[in-house]
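**Q** My questions will all concern the structure given below.
The values are calculated or read from the model by the stated rules, or taken from the named source; none is laboratory data. As the structure is a prediction and not an experimental result, all values here were calculated from the model. Here the Cβ positions follow ideal geometry from the backbone for every residue, glycine too, while neighbour counts run over all protein chains shown.
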Amino acid sequence: MADFDAYWSAIDDELARYPAAPELEMSPLRKTDYATVYHLKITSIGPYRLFGYYSVPHGNGPFPGLYLTPRYGSVNHVPHPDDRRRYAVLQLMHRGQRLADKPFAASYPGLLTHGIADPATYIYRSIVADCLRGAEFLLSRPEVDASRVGIRGDDMALLTTARRPGFKSAEIAGLLFYRLLEAAARTDNYPVEEINDHLRGAPGERDAIAHTLSHFDPIAHASRVKATTLLSVGDPGSIGGPEWLEPLASALGGPVEQYAVTHEGATDHDWIDAWTANQLGVPPHPRLWPIAAAD
């Protein structure tokens, strides 16, 4: 695609024109005996002021870092205590999400197709820039061990890892932009169904939408990902199953591991938590250990 590299380079250039100007304000309500939580404000393209929760463990650093990219939805929460004990961890809110919703408040459903007919106007151009700015912040912090920084999330985490190569590990689950038009033809579940809703109202925009989405499909970025990547894999035959994800797994530029989701929440959590902990050199923090010990 002729304009792909130019498109993403232009975003990098635009980000470089805006100083991040981070502000950190300690949150007394969320301070514990093991970590301090800060409210982060930081500038992305626009300019647009973003919000995040940034937690740093007590003690002598530098600490391994963990970046939680924002999921699709209006609210992202303070990082879990298990993560705050072990990592300098950042949870970003991109523009439009709660606490970063002025002057733009995202609509759900609706955000997925906001400006989608043109790559230049698509809202995710700015949202990915927001995620890149968050990565730049975490990777530059003096209390963070730059050799041990992981990232966790969906497409935003994968695209961020591709564009900002400082991450050691990438834990990827719940991809939305991967083969999105194909997925829309196979399901009516939201948020994927937002694509079908839009096309019912504007059927003539299908080719334009395909062109826009080609800039954001993780497979177009996969070769640039050098971090060790964990893909959470769903049931065979499903969207997100092993057959569905195989082209992406093959295209990734670094080591790839796959985890077959069991749909048992604590089991899946403990396995993935241990994987990330091993990558970043900290102890795992299983949630099932009291039961296992009792047995």
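**Q** If a residue must be within 12 Å of Ala173 (Cβ to Cβ) and not in a strand (DSSP E or B), how many such residues does region 254-270 contain?
**A** 3
**Q** Let me ask another. Please find, within region 73-93, the residue that is surrounded by the most Cβ atoms within 10 Å (Cβ to Cβ) out of those that are in contact with a Lys or Arg (Cβ under 8 Å, 6 or more places away or on another chain) and either modelled with pLDDT under 95 or closer than 30 Å to Val192 by Cα (or both).
**A** Within region 73-93, the match that is surrounded by the most Cβ atoms within 10 Å (Cβ to Cβ) is Asn76.
**Q** Can you go through Val89, Val75 and tell me which one is free of Cβ contacts under 8 Å to residues at least 40 places away in the same chain and either hydroxyl-bearing (Ser, Thr, Tyr) or in a loop (DSSP other than H, G, I, E, B) (or both)? Please lay out each step first, then the result.
**A** Details: Val89 fails: either hydroxyl-bearing (Ser, Thr, Tyr) or in a loop (DSSP other than H, G, I, E, B) (or both).
Exactly one residue qualifies, and that residue is Val75.
**Q** Taking region 109-149 as the region of interest, how many residues are over 30 Å from Ala35 (Cβ atoms) and either assigned to a loop (DSSP other than H, G, I, E, B) or not hydroxyl-bearing (Ser, Thr, Tyr) (or both)?
**A** Step one: filter region 109-149 for residues over 30 Å from Ala35 (Cβ atoms), giving 109-126.
With either assigned to a loop (DSSP other than H, G, I, E, B) or not hydroxyl-bearing (Ser, Thr, Tyr) (or both) added as a condition, the list becomes 109-112, 114-123, 125.
Total meeting the criteria: 15.
**Q** Select, from Ala274, Ala251, Ala227, the only residue that is modelled with pLDDT of 95 or more, among the small types (Gly, Ala, Ser), buried (at least 17 other Cβ atoms within 10 Å of the Cβ) and under 20 Å from the mean Cα position of the chain (by Cα).
**A** Values: Ala274 fails: buried (at least 17 other Cβ atoms within 10 Å of the Cβ); Ala251 fails: buried (at least 17 other Cβ atoms within 10 Å of the Cβ).
Only one candidate qualifies: Ala227.
**Q** Sticking with this structure for a sec: Kindly list the number of the only condition in (1) surrounded by 13 or more Cβ atoms within 10 Å (Cβ to Cβ); (2) more than 28 Å from Gly65 (Cβ to Cβ); (3) of a type outside the set (Lys, Arg); (4) touching a helix residue (DSSP H, G or I) at 6+ places or on another chain (Cβ under 8 Å) that fails for Gly237.
**A** Here Gly237 meets the rest and fails (1).
**Q** Within region 13-49, work out how many residues are assigned to a helix (DSSP H, G or I), surrounded by 13 or more Cβ atoms within 10 Å (Cβ to Cβ) and either within 19 Å of the chain's Cα centre (by Cα) or among the acidic types (Asp, Glu) (or both). Break it down into steps so the answer makes sense when it comes.
**A** If we filter region 13-49 for residues that are assigned to a helix (DSSP H, G or I), which is where we start, we get 13-17, 28-30.
Pick out the ones that are also surrounded by 13 or more Cβ atoms within 10 Å (Cβ to Cβ) and you get 14-15, 30.
Going one step further and asking which of them are either within 19 Å of the chain's Cα centre (by Cα) or among the acidic types (Asp, Glu) (or both), we end up with 14-15.
The number of residues fulfilling the criteria is 2.
**Q** Can you confirm whether Gly65 is at pLDDT 95 or above and at positive phi?
**A** On the way: at pLDDT 95 or above: yes; at positive phi: no.
So Gly65 does not fit the description; no.
**Q** With Gly52, Gly115, Gly96, Gly65 as the choices, which residue is surrounded by fewer than 19 Cβ atoms within 10 Å (Cβ to Cβ) and not β-branched (Val, Ile, Thr)? It would help to see each step written out before you state the result.
**A** Working: Gly52 fails: surrounded by fewer than 19 Cβ atoms within 10 Å (Cβ to Cβ); Gly96 fails: surrounded by fewer than 19 Cβ atoms within 10 Å (Cβ to Cβ); Gly65 fails: surrounded by fewer than 19 Cβ atoms within 10 Å (Cβ to Cβ).
Of the residues listed, the single one that is surrounded by fewer than 19 Cβ atoms within 10 Å (Cβ to Cβ) and not β-branched (Val, Ile, Thr) is Gly115.
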